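The values are calculated or read from the model by the stated rules, or taken from the named source; none is laboratory data. This structure is a prediction, so every number in the text was calculated from the model and none was measured. Here the Cβ positions follow ideal geometry from the backbone for every residue, glycine too, while neighbour counts run over all protein chains shown.
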Amino acid sequence: MTMTDGELLAEMGTDAQKWAQEFIRRFGGRERCAFIDEGLMIGWFANAIMAGHDEGYRKAIDDQGEPLLGGVR
């Protein structure tokens, strides 16, 4: 069964290992490229997930570093 993009995002969430395993399953690992393995991809996905988290957090604070809660302090 093929998942929609939304279903894939919901299934994987923020688990870098799940993303890495799916990447290897879809695109191959060492059999396609000698230096790509699950460990490398876990690091890559963990970094990408945290970069997205940090960017979301950065956008959710005001200029004085105070959290914005729905636009209200």
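Total residues in segment 17-59 satisfying the condition of being under 23 Å from the mean Cα position of the chain (by Cα), modelled with pLDDT of 80 or more, among the small types (G, A, S) and not in a helix (DSSP H, G or I): the figure is 1. Could you please give the count of residues in segment 1-43 that are of a type in the set (F, W, Y) and farther than 24 Å from H53 by Cβ? Qualifying residue count for the region: 2.
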